[in-house]
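*Asks:* The structure under discussion is supplied below as structure tokens; questions concerning it will follow.
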Amino acid sequence: MNILFVHYGSFSSNSINHIGPFAAELKKQGYDVAIALPELDTSFRYFPYHEVPVYSYEDLLEDPNRFSGKPPEIIHAWTPREIIRQFVDELRQKVSAPYIIHLEDDEMAIRKPSDGATGSNLDRTDPLHGSWFMETADAFTVIIDSLKEDVPPGKPTHVLSPGFDKRSARNNPILPFTKKTFGIPEEFKIIVYPGAASGANSQDLEDLLLAIHILNTHGTPTILLKTGFPDLKIRKSLPDDARSWIRDVGFLERNQVWRLIELADLVIQPGRINHYNEKRLPSKLPDFLSLGKPVITSQANLGNLLIDREQALILKESTAEEIAARCQELFSDPALARKLATAGKEFAQEWFDLSNNTKGLAAFYQRILETSSESIAKAPGSQLDSAIEALDKALAPIEKPTAATLMLGEYLKKARNMDAPQRSGSKSPIQAQIEMQVYFPQAPEILELGSIRLWYPEQNRQTITVPFNPPLDLDWLRIDPGQYPGTYILKSWSILDANRKPLFHWKPVKDNPVTCQVNGMTEGPITDDGQEFWGLTHDPQLLFAPLPKITLSDVRWLTIEFIATEIESPLSKPLKLKRRPSKREEALKIRTQERIDALLAKLERRGSFFLRLADRFKKG
């Protein structure tokens, strides 16, 4: 069996953590498997399953016969999002294969409120084309049972729980992390959250960040180690000093994410009870439970299956105050934390067994192959082709059009009237966020990982104070003020003790014994705002050395005051399908539109009682 997984994004997205293990396990079980992505980029280094072939959409459209010279027999579209729909639509004009759609969220719930009815971003499900794409699918897999109600009636459906790759986790080549890896003082508790805000979960993430702040203001020193992009819009709503407790660690490889989770004292999956959270299974939860960490989670989705105070602590409302209270309960009751970790791991071993879940998936594929011979979706052709054929068949008898026939006609009418730019979609440009990184003496292999990352917007003066306790003598410090060319103004930076008294203070003065060596920058004037540095390249650097002798056991905080202006940042690149249509395809498009017009005229005639009556007389 030749199986093609179609993914909507890059290797750094959470969905690939589900696709990858299934693809590798299917290959291990003797199937020919490949993964298709919109384009191949440097995020490939985050993908650990190098035995699985990976192709760009463009590669597969150029030559679909990538399975020992043969095309795919099963196309598994990982969500019905528009970029996947367009690719599958083009691929089905070249190959005869049933396609299965995987639902991992309520797709309409994660659409942006600004998305209109006639245009859509490629990374969202289109409200017009998406429904017919789902209607013509051969079958569905859903990550959680509650998503079955989103599947069109009569479609074969398989609940596909994620599979945790315990073999890879057990043989993790990455050395365990410690608090010293990240320069975090020993007295701080560690909570880990791998991921970022998607829009629909913004309130949940805000609750978590505020809960971390509450813990610290009430006397429990706590750091949140967070992967992925920062969420500056969310952080603006937090108290001024709340950023001190958030340590961004950037994008990590899968093995590194596991080590990060293992470092945590506990892990949290927040989630208010709403339609979005009821119809999802957060990708973090299988990792949290399988790695044996005490879990605090919402009573939505997987929380409905976990036993409260036996396998996890279940949040009732998931407010910031409730999250903080449950954290404090586990911090003060190590026996309860151990009990939850053990029972939660046993739950995960049953629900997220990769081998068993993959065997169930393979059996479902075989069932679909055996029963899909009469499916509209199996015949080569575009999505519009299948809709045209269905409408033509429905209009064959001289009968009053049914509701389903009228639905088909409405779909084709809207599709016919949409112009090409609307159909392909576009994504509004997003201003890039600026990332400062602070490096300090570390073992070379973890220098990048352990660096302190501080994300901030342009033109606002920043004073950031973070917990800090370096593992080695602090004889130098490097500040990379931003990843883009621009003007960076450094007012000062300081090393502080537990009472926030300066152990060392740097400010721009003449004859400073601590020199500042610049790389990729030019020193500007010293003003009341501080020392100006003009960044000429990407990732400019400031190295401060030699620092005076500082007793490491006294070091507890690092504070930096700065501002960035005139930043030359690139705009975000919208997703797109690269291939341009040929002249033959353009001609086919025109013929298709003419056929749609003829069918719509026929539908309009059948919809009129008097015209139907006239047709009957003519026929008689």
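*Asks:* Which far-off residues, 5 or more places away or on another chain, put their amide H under 5 Å from the one on GLY482, with H placed in the peptide plane?
*Replies:* Answer set, sorted by chain and number: GLN437.
*Asks:* At a 1.4 Å probe radius, which order do ARG326, ARG81 fall into by accessible area, largest first?
*Replies:* Values: ARG326 65, ARG81 20 Å².
Order by accessible area, largest first: ARG326, ARG81.
*Asks:* Here is a further query. Taking the Cα-to-Cβ direction at VAL159 and at LEU552 and moving 7 Å from each Cα, how far apart do the two end points lie in nm?
*Replies:* 5.1
*Asks:* Please identify the GluC sites (Glu not before Pro) of the range 430-526 that satisfy two criteria: DSSP loop assignment and at most 14 other Cβ atoms within 10 Å. Which are they?
*Replies:* On the way: sites: GLU435, GLU445, GLU448, GLU458, GLU523; in loops: GLU448, GLU458.
In loop regions of the range 430-526 (DSSP not H, G, I, E or B), the sparsely surrounded GluC sites (Glu not before Pro) are GLU448.
*Asks:* So how far, in whole Å, is the C-alpha centre of the range 473-525 from the one of the range 177-253?
*Replies:* 25
*Asks:* Moving to a separate point now. Search the structure for amide H atoms under 5 Å from the amide H of VAL142, placed 1.01 Å from N in the peptide plane, and list their residues when 5 or more places away or on another chain.
*Replies:* Result for VAL142 returns LEU103, HIS158, VAL159, LEU160.
*Asks:* Give the calculated FRET efficiency between GLU389 and LYS233 to the nearest 0.05, with a Förster radius of 51 Å applied to their Cβ-Cβ distance. Walk me through the intermediate numbers first.
*Replies:* On the way: r = 46 Å, r/R0 = 0.90.
The computed FRET efficiency comes out at 0.65.
*Asks:* If one puts a single equal scatterer on every Cα of the range 429-525 and applies the Debye formula without solvent, what log₁₀ I(q)/I(0) results at q = 0.21 Å⁻¹?
*Replies:* The Debye formula, applied to the Cα set alone, gives -1.42.
*Asks:* Using 10 Å bins from zero, what percent of all Cα-Cα pairs in the range 198-299 falls into each bin?
*Replies:* In whole percents, the pair-distance histogram is 13, 46, 38, 4.
*Asks:* Separate question: Would you please put 509-516, 465-472 in order of how densely packed they are, using the mean number of other Cβ atoms within 10 angstrom per residue and starting with the highest?
*Replies:* On the way: 509-516: 9.4, 465-472: 18.5.
Ranking the peptides 509-516, 465-472 by packing returns 465-472, 509-516.
*Asks:* Further, regarding this structure: Would you mind pulling out the separation of the Cα centroids of the range 297-367 and the range 21-89, in Å?
*Replies:* The distance from the Cα centre of the range 297-367 to that of the range 21-89 comes to 31 Å.
*Asks:* Could you point to the label whose value was computed as Kirkwood radius over Cα pairs in Å for the structure here, given [x] 27.2; [y] 38.1; [z] 25.1?
*Replies:* Evaluating Kirkwood radius over Cα pairs in Å on these atoms matches [x].
*Asks:* As an exercise, use a Förster radius of 22 Å and the Cβ-Cβ distance of ARG461 and HIS218 to find the FRET efficiency, rounded to the nearest 0.05.
*Replies:* On the way: r = 29 Å, r/R0 = 1.31.
Result of the calculation: an efficiency of 0.15.
*Asks:* Give, rounded to the nearest 20 debye, the magnitude of the charge dipole that the chain has about its Cα centre when Lys and Arg contribute +1 at Cβ and Asp and Glu contribute -1 at Cβ.
*Replies:* Using Cβ point charges on Lys, Arg, Asp and Glu, the chain gives about 1660 debye.
*Asks:* Can you give the angle from 0 to 90° between the axis of helix 202-217 and the longest principal axis of the chain, with both taken from C-alpha atoms, to the nearest 10?
*Replies:* Its long axis makes an angle of about 20 degrees.
*Asks:* Output the 0 to 90 degree angle, nearest 10, between the alpha-carbon long axis of helix 354-371 and the longest principal axis computed from the alpha carbons of the chain.
*Replies:* Between the helix axis and the principal axis of the chain, the angle is about 20 degrees.
*Asks:* With every protein chain in place, what's the accessible area of LYS180 (1.4 Å probe, Å², nearest 10)?
*Replies:* Result for LYS180: roughly 80 Å² accessible.
*Asks:* Right, next: Could you give each residue of the range 13-27 its phi-based ³J(HN,Hα) in whole Hz, using Karplus coefficients 6.51, -1.76, 1.60 with θ = phi - 60°, and x for Gly or Pro?
*Replies:* So the Karplus estimates, Gly and Pro as x, are 7, 5, 4, 5, 6, 8, 4, x, x, 5, 4, 5, 5, 4, 5 Hz.
*Asks:* Let me ask something else about it. Find the accessible area per residue for the chain; the probe is 1.4 Å, ligands and nucleic acids are left out, and the unit is Å².
*Replies:* On the way: 27210 Å² over 620 residues.
Accessible surface, normalised per residue, equals 44 Å².
*Asks:* Next question. Please report the relative contact order for the chain, taking Cα pairs under 8 Å with a sequence separation of at least 6, and give it as a percent rounded to a whole number. Each step should come with its number before you reach the end.
*Replies:* On the way: 1222 pairs, mean separation 84.5, N = 620.
Computed over the chain, the figure is 14 percent.
*Asks:* What percentages make up the Cα-Cα pair-distance distribution of the range 174-239 when the bins are 10 Å wide from 0?
*Replies:* 18, 48, 29, 5
*Asks:* Could you sort TYR193, TYR484 by accessible area so the largest value comes first, with the probe set to 1.4 Å? Walk me through the intermediate numbers first.
*Replies:* Working: TYR193 5, TYR484 30 Å².
If we order TYR193, TYR484 from most to least accessible, we get TYR484, TYR193.
*Asks:* Could I ask something else about it? Which order do you get for MET436, MET407 if you rank them by accessible area with a 1.4 Å probe, largest at the top?
*Replies:* Largest accessible area first, the list is MET407, MET436.
*Asks:* Now a separate question. HN-Hα J couplings of the range 47-62 from phi, Karplus 6.51/-1.76/1.60, θ = phi - 60°, integer Hz, Gly and Pro as x?
*Replies:* My calculation for the range 47-62 gives 9, x, 9, 6, 6, 9, x, 10, 10, 7, 3, 4, 4, 6, 5, 6 Hz in order.
*Asks:* For a 24 Å ceiling on Cα separation, which of these pairs sit above it: LYS179/LYS226; LYS236/LYS507; LYS179/LYS284; LYS28/LYS70? It would help to have the intermediate numbers written out before the result.
*Replies:* Working: LYS179/LYS226 14 Å; LYS236/LYS507 28 Å; LYS179/LYS284 21 Å; LYS28/LYS70 19 Å.
Where the Cα-Cα span goes over 24 Å, the pairs concerned are LYS236/LYS507.
*Asks:* Residue by residue through the range 283-291, which ³J(HN,Hα) values in whole Hz follow from phi under the Karplus form 6.51 cos²θ - 1.76 cosθ + 1.60 (θ = phi - 60°), with glycine and proline marked x?
*Replies:* Calculated HN-Hα couplings, in order: 5, 6, 4, x, 5, 4, 6, 5, 8 Hz.
*Asks:* Another question, if that's okay. Any chance you could give the angle, 0 to 90 degrees and rounded to 10, that helix 254-263 forms with the longest Cα principal axis of the chain?
*Replies:* Its long axis makes an angle of about 50 degrees.
*Asks:* Additional query: For GLU594, tell me the accessible area in Å² from a 1.4 Å probe, rounded to the nearest 10.
*Replies:* The value for GLU594 is about 110 Å².
*Asks:* Right, something else. Just to verify a number: FRET efficiency for GLN366 and ASP59, C-beta to C-beta distance, R0 = 25 Å, to 0.05? Show your work: numbers first, answer last.
*Replies:* On the way: r = 27 Å, r/R0 = 1.08.
About 0.40, to the nearest 0.05.
*Asks:* Out of residues 5 or more away from LEU503 or on other chains, whose amide H comes under 5 Å of its own, with H placed 1.01 Å from N in the peptide plane?
*Replies:* Here the answer is ILE495, LEU496, ASP497, since their amide H atoms fall under 5 Å of that of LEU503.
*Asks:* Given a 1.4 angstrom probe, I'd like the percentage of the accessible area of the chain that is carbon and sulfur, rounded to a whole number. Could you put the intermediate results ahead of the total?
*Replies:* Numbers: 13960 of 27210 Å².
Taking all protein chains in place, the chain shows 51 percent carbon and sulfur surface.
The values are calculated or read from the model by the stated rules, or taken from the named source; none is laboratory data. These figures come from a predicted structure and were not determined experimentally. Positions of Cβ are generated from backbone atoms using ideal geometry, with glycine treated the same way; all protein chains shown enter the neighbour counts. Surface areas here come from the heavy atoms of the whole protein model, side chains and all, with no ligands, DNA or RNA. Shrake-Rupley method; radii C 1.70, N 1.55, O 1.52, S 1.80 Å.
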